[in-house]
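Below is one structure, written out as structure tokens; the observations come after it.
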Amino acid sequence: MTDVKNKRVFVSVNDPSADVHCAALISALKKAGAGVEFVGIGGPKMAAAGCELIESTVGRAVMTYNALAHVGHYYKLVRRIRRYLEEHPVDLMIVCDSPSFNFHVAKAARQAGVKTLFYVAPQLWAWGGWRIRKLRRLCDKLCCILPFEERWFGQRGVDTAFVGNPLLDKLLSDLTSFRKDYSRFEPSRARIALMPGSRLAEIESLWRPMQQIAVRLKQRYSAACFVAVAASDERRQLLERTQIPGFTCEYSVDTVRDTSQRVDFSIVASGSATLEVASSGCPMVIMYQTNRFLWRLIGRWLVHAKYFTLVNLLADRELVPEFMPYFTSIEPIVERVDAYLRDRELLAQISNELIDMVEPLTRKKASEETARIVVEMLR
């Protein structure tokens, strides 16, 4: 890779997970000796890895149903990126996740004559399949992180490579030690993790019901204890400020995998964290809340995937319960968690099946694979 020198790459990131992924990619390129200058929009992880940020965007990440309030800001940001590309030429654009925003960034790159690499595929196989034409037009290379996506996008004319999943980059290929032993498990002393997500919209919709579920479980299992995982110290402070009466827990920051390894069960917001929990062999239920009216009006007609959550998509079956969309009643979730806690054999079985699903995905290291593709595009 040392033959790539004096190149400039713009990186566009809009949420905490993508910030982590692209920081790892930047580090992989530097470790390989590629002489690349990085500039872009993103968060603290990218900045620490050596990317010059023209704007910090990670804190604004939102879910689809409340994104309208942020349209004005993003419209101005795209215009700023367009001006930047005109005044400061770059050799490659990398956009990661957040397709609703990054399609506009990729269009700006196309207008500036800059090739674009999409890192993390937009989930067009689940909904919005008509956008494949836009992706073909704007994407020079797609680096997907789910195995089945390589064929799906390739069949539709997109130059695609499965690079592995960045969430698993640091894991060894043998995860035997993460298979949980429930032979002496007592539900009365269950250790349960609550993971309400990193986006503000997720926390606003899921943190309170997760606490309510915990309170209900505590009534049944008096010695049960809970740990809440926050994506950052800022998010931890938000969780603490919005803690409900009657609920107590330990707080931990940026410890999804570590916490999953030391608890017996997890309640998780849908998203990338579910794969980290799975890689720890931790049984879980998964929640996602959306607007009830919008879901009944258009959502259920637009979404075509058999399953919603990443773990079940990879398993191609309901390996773990998914309450997606979850609206208001916590009763079905409380009863499902309770049923798991009362069944040691089922907990052990799910732990083993989660590890069996994840192990094959650890063979490729996404940051290294994507770094090689970046170098090829810069030559």
*Could you list, in sequence order, the residues of the range 205-235 that are assigned to a helix (DSSP H, G or I) and hydroxyl-bearing (Ser, Thr, Tyr)?*
Ser205
*Leu171 passes all but one of (1) within 18 Å of Ser98 (Cβ to Cβ); (2) within 20 Å of the chain's Cα centre (by Cα); which number fails?*
(1)
*Of the residues that make up the range 252-260, is at least one surrounded by 17 or more Cβ atoms within 10 Å (Cβ to Cβ), in contact with a Cys (Cβ under 7 Å, 6 or more places away or on another chain) and in a helix (DSSP H, G or I)?*
yes
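Would the range 201-213 turn up any residue that is over 23 Å from the mean Cα position of the chain (by Cα) and more than 21 Å from Thr255 (Cβ to Cβ)? Walk me through how you get there before you give the answer.
Restricting attention to the range 201-213, the residues satisfying the condition of being over 23 Å from the mean Cα position of the chain (by Cα) are 212-213.
With more than 21 Å from Thr255 (Cβ to Cβ) added as a condition, the list becomes 212.
Yes, because at least one residue in the range 201-213 is over 23 Å from the mean Cα position of the chain (by Cα) and more than 21 Å from Thr255 (Cβ to Cβ).
Values quoted throughout were computed directly from the atomic coordinates according to the rules given, and no laboratory measurement underlies them. If you're wondering where the values come from, they're calculated on a predicted model, not measured in any experiment. Glycine also receives a Cβ, built like all others from the backbone with ideal geometry; neighbour counts cover every protein chain displayed.
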